[in-house]
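Taking it in order: structure first as structure tokens, then the write-up.
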Amino acid sequence: MKLTKLDHVAINVSNIQRSITWYVNNLNATVEHQDETWAMLNISGSKIALTISGQHPPHIAFNVENMEDVDYEKHFHRDGSEYCYIEDVDGNTIELISWENS
């Protein structure tokens, strides 16, 4: 499996719209996607996902060159990206993601 880059960091927030407003106003974020349960923001070329607890775990995501090389159960997000969540030895969630199909 070849990782190509850090894709995004996801944090849980209590209110998506309120958090979007804060990141836009305070860090000049631009919104790449938003709905009721998550948003993807771009801040100076880095992506941060705002998520609602219970919908997505807080995590660090790495882009994978070819998901066929990933030996874990894979799924698709609503945006068409293919992904899987794994945990490191301390229980931190790592997302492996590919945007090839989106």
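The values are calculated or read from the model by the stated rules, or taken from the named source; none is laboratory data. Because the structure is predicted, anything quoted here is derived from the model rather than measured. So basically every Cβ, Gly included, is an ideal-geometry build from the backbone, and we count neighbours across all protein chains shown. Each accessible area value is taken on the protein alone, full model and side chains, heavy atoms only, with ligands, DNA and RNA left out. Shrake-Rupley method; radii C 1.70, N 1.55, O 1.52, S 1.80 Å.
Amide H to amide H distances under 5 Å link ASP7 with ALA61, PHE62, ASN63, where only residues 5 or more positions off or on other chains count and H is placed in the peptide plane. The mean of 1/r over all pairs of different alpha-carbon atoms in the chain, once inverted, gives a Kirkwood hydrodynamic radius of 14.1 Å.
A 1.4 Å probe run over the protein chains yields, for the chain, 61 Å² of accessible area per residue, whole-number rounding. Annotation: amide H of GLU100 within the under-5 Å range of GLU82, sequence separation 5 or more or interchain, hydrogens built in the peptide plane. Report note on the peptides 40-47, 88-95: ranked by the mean count of other C-beta atoms within 10 Å, highest first, their order is 40-47, 88-95.
What's the FRET efficiency of LEU6 with HIS77 using the Cβ-Cβ distance as r and R₀ = 25 Å, to the nearest 0.05? Please report the intermediate quantities before stating the final value.
On the way: r = 17 Å, r/R0 = 0.70.
Result of the calculation: an efficiency of 0.90.
In the chain, what percent of the accessible surface is made up of carbon and sulfur (1.4 Å probe, ligands and nucleic acids excluded)? The nonpolar share, carbon plus sulfur, comes to 47 percent.
Antiparallel DSSP bridges in region 6-78: what percent, to the nearest 5? Don't jump to the answer; show the numbers that get you there.
Values: 14 of 19 bridges.
So the antiparallel bridges amount to about 75 percent of the total.
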